[in-house]
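These notes concern the structure reproduced below.
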Amino acid sequence: MPTPPPADVIELHTTDEVETRAEFDRRLATGSLAGLTVQGLRLDLDPAPDLTAVTVAGTLFVGCRFASREVGADLVRRGANVVPPFSGLPYPTQPSHLYTPDDLAAGFAEAGFEGMYDTRVYAHFRAHGGALPDVREALGQRLHDHGVDNALADATRAWLTAYGPQSVVGIMGGHAVPRGSVPYRMAAVLGWELARADRLVVTGGGPGVMEAANLGAYLAGRPAEELTAAIDLLAVAPDFTDHDRYTAAALRVRERFTPPPVPRQRGADLEWARTGGLAIPTWLYGHEPANLFAGRIAKYFSNAIREDTILRLARGGIVFAPGRAGTVQEVFQAATKTFYGTDGASGAYVFLDRAYWTRELPVESLLRPLLAASPFGDLSATIHLTDDVREAVRVLTAAA
């Protein structure tokens, strides 16, 4: 009988990493960088550090820029390993932080959708083989995604320490749901309610249900009337295929509805989690405009890594709003993890729209007997069907 992987295989492993210039300068002042991993830093900017006398045996510099090639060569001669940024790439080969909406939207004001960072990276991705890149591009993408992995672990660590893994809730559903529609409004209210209940909302970072959930979390500190007003403004550009109008509407809402500051006693370092939550999209679906309402965005090239990451994080339960093949795939990918206990205990599986999930796509009829046969006992009680968003919230917040 299959069993969960050993704990040391799936638990987060940390190394001694340096990801900010302030931390680098502090370490440099000790005279030794030996054994450290220095990630994605601009060490070519003034004041450029003097590395000639520092110990660098076993130090890994990955994705860092130096004042000259000679600096990098000297580090190698003295025992360091240097993986420089790849030239000609529009994305960092070792990002040290997650993306923000402003990062992805950079360039829109000047050149529209085609000129924004997110679109330019997608164009490069398509021009270099898409999902089947050449070796050079593949290495650049893998380094980028590894950097996102590290940044995601860093960004979520404080939240998980404060609230535990059962406080992270995933929201899945159709990407084609129009803004302003009833399903969109339901997903937005769901994200709003969950964020107000101290749940970290995690989505796949696309349009439709995913955008709506992050929008609700983005405005969790505002009254419900403002959430309704924001959706009404977005509804003038309901279709994500109308890229420029769709993106412009999102940016207008962000400008008009700025979340209130998070009180210091609630953890200013978690402000991003309380004002939009987390989105985990992929450039495999880069034809879809960026979801600009998440607090932090872990955007990957690899869709497989992205999907597994969402499900691994969402230990507090998953909401499945109506969707098609992609959503159904996520249902059973999540069920596999729950069945075998791959990532530990799972939260509730909440299916919004009872008729949809029992008649149109009768997923429940297969999922319930499957989870009942888990080697960890009958887990079918984790399945809940409802038409009521607030009932969904009660189920997801009852035990965490």
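The values are calculated or read from the model by the stated rules, or taken from the named source; none is laboratory data. If you're wondering where the values come from, they're calculated on a predicted model, not measured in any experiment. Every residue, glycine as well, gets a Cβ built from its backbone with ideal geometry; the counts of neighbours run over all protein chains shown. In case anyone asks, the SASA skips ligands and DNA or RNA and just uses the protein heavy atoms, side chains included. Shrake-Rupley method; radii C 1.70, N 1.55, O 1.52, S 1.80 Å.
Take the residues in region 355-371 that are of a type outside the set (Asp, Glu) and out of contact with any helix residue (DSSP H, G or I) (no Cβ under 9 Å at 6 or more places or on another chain), then tell me which one is surrounded by the most Cβ atoms within 10 Å (Cβ to Cβ). Write out each step before concluding.
Taking region 355-371 as the starting set, the residues that turn out to be of a type outside the set (Asp, Glu) are 355-359, 361-363, 365-371.
Now narrow it down to the ones that are out of contact with any helix residue (DSSP H, G or I) (no Cβ under 9 Å at 6 or more places or on another chain): 355-356, 359, 362.
Values: Ala355: 10, Tyr356: 19, Arg359: 8, Pro362: 11.
Among those residues, the one meeting the criterion is Tyr356.
Which pairs turn up if I take residues in region 191-209 that are over 11 Å from Gly277 (Cα atoms) and look for partners that are among the aromatic types (Phe, Trp, Tyr) with beta carbon separation below 9 Å, at least 6 apart in sequence or on another chain?
Hits for this filter: Gly204/Tyr285; Gly206/Phe240; Gly206/Tyr285; Pro207/Phe240; Pro207/Tyr246; Gly208/Tyr184; Gly208/Phe240; Val209/Tyr184.
Quick one: which residue in Asp145, Asp154 is charged (D, E, K, R) and modelled with pLDDT of 95 or more? Give the steps one after another, and end with the answer.
Details: Asp154 fails: modelled with pLDDT of 95 or more.
Selected residue: Asp145, the only one of Asp145, Asp154 that is charged (D, E, K, R) and modelled with pLDDT of 95 or more.
Can you tell me which residue among Ala335, Ala290 is surrounded by 18 or more Cβ atoms within 10 Å (Cβ to Cβ), of a type in the set (A, V, I, L, M) and closer than 22 Å to Pro165 by Cβ?
Checking each option against the conditions leaves just Ala335.
Working only within region 221-239, note down all residues that are among the aliphatic types (A, V, I, L, M), under 17 Å from Val201 (Cβ atoms) and open to solvent by 10 Å² or more (accessible area, probe 1.4 Å). Let's see the steps before the verdict.
Our first condition is that a residue be among the aliphatic types (A, V, I, L, M); within region 221-239, this holds for 224, 227, 229-231, 233-237.
From the residues that got through so far, the ones that are under 17 Å from Val201 (Cβ atoms) too are 224, 227, 230-231.
Correct list: Ala224 only.
I need the full set of residues from region 138-161 which are open to solvent by 60 Å² or more (accessible area, probe 1.4 Å) and either closer than 28 Å to Gly88 by Cβ or touching a helix residue (DSSP H, G or I) at 6+ places or on another chain (Cβ under 7 Å) (or both), in order please.
If the condition is that a residue be open to solvent by 60 Å² or more (accessible area, probe 1.4 Å) and either closer than 28 Å to Gly88 by Cβ or touching a helix residue (DSSP H, G or I) at 6+ places or on another chain (Cβ under 7 Å) (or both), then Leu139, Arg142, His146 are the ones that fit.
This table checks each residue for (1) modelled with pLDDT under 95; (2) over 28 Å from Gly295 (Cα atoms).
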{"position": "Asp46", "(1), (2)": "yes, yes"}
{"position": "Thr59", "(1), (2)": "no, yes"}
{"position": "Ala111", "(1), (2)": "no, no"}
{"position": "Ala127", "(1), (2)": "no, yes"}
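Here are some conditions: (1) over 19 Å from the mean Cα position of the chain (by Cα); (2) open to solvent by less than 40 Å² (accessible area, probe 1.4 Å); (3) at pLDDT 95 or above. Ala213 meets all but one. Which one does it not meet?
For Ala213, the failing item is (1).
Return only the number of the condition from (1) open to solvent by less than 50 Å² (accessible area, probe 1.4 Å); (2) more than 26 Å from the chain's Cα centre (by Cα) that Val18 does not satisfy.
Status for Val18: all satisfied but (2).
For region 360-400, give me the residue count where each residue is β-branched (Val, Ile, Thr) and part of a helix (DSSP H, G or I).
Of the residues in that region, 5 qualify.
Kindly indicate the residue of region 169-179 that is assigned to a loop (DSSP other than H, G, I, E, B) and not β-branched (Val, Ile, Thr) and also surrounded by the most Cβ atoms within 10 Å (Cβ to Cβ) among those meeting that condition.
Going through the qualifying residues, I end up with Gly173.
Specify the residue that is nearest to Ala48 (Cα to Cα); the eligible residues are those in region 70-95 that are small (Gly, Ala, Ser) and surrounded by fewer than 16 Cβ atoms within 10 Å (Cβ to Cβ).
Ala73
List every residue pair whose Cβ atoms lie under 6 Å apart, where the two residues are 6 or more positions apart in sequence or sit on different chains, the first residue falls within region 164-181 and is in contact (Cβ under 8 Å) with a residue 24 or more places away in the chain, and the second residue, located anywhere, is of a type in the set (A, V, I, L, M) and assigned to a loop (DSSP other than H, G, I, E, B).
From residues that are in contact (Cβ under 8 Å) with a residue 24 or more places away in the chain, the pairs are Gln166/Ala400; Ser167/Ala400; Val168/Ala314; Gly170/Ala314; Gly173/Ala321; Arg179/Ala235; Gly180/Ala235.
Residues being farther than 16 Å from Pro92 by Cβ, in a helix (DSSP H, G or I) and of a type outside the set (Ser, Thr, Tyr): count how many of those fall in region 116-137.
4
Among the residues that make up region 276-291, is at least one of them charged (D, E, K, R) and more than 25 Å from His124 (Cα to Cα)?
No, the conditions are met nowhere in region 276-291.
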